[in-house]
1. To the nearest whole percent, what portion of all C-alpha pairs in the chain is separated by more than 16 angstrom?
2. How much length would be gained if the chain were fully extended between R23 and I2, taking 0.36 nm per residue of separation minus their Cα-Cα distance, in nm to one decimal?
3. Sort the following peptides by mean Cβ neighbour count (other Cβ atoms within 10 Å, averaged over residues), highest first: 34-40, 21-27.
Amino acid sequence: EIALKYTDYVYALANGKLVAEGRPEAVMADSRVIESYLGEAM
């Protein structure tokens, strides 16, 4: 979360594949990112 404060654009990878990219807020809210890093999206 600290790094997200200092960047305008991020990439999220899971198992070596691009899951999402864009503004940090949008990527962190993306259900694919949530599922990849935390398990099943709620």
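1. Cα-Cα pairs of the chain separated by over 16 Å account for 33 percent.
2. 6.1 nm
3. Packing order, densest peptide first, comes out as 21-27, 34-40.
Read-outs throughout are calculated quantities, based only on the coordinates presented, and are distinct from any laboratory measurement. What you see is a predicted model; the values in this text were computed from it and never measured. Note that we place each Cβ from the backbone using ideal geometry, even for glycine, and neighbour counts take in every protein chain shown.
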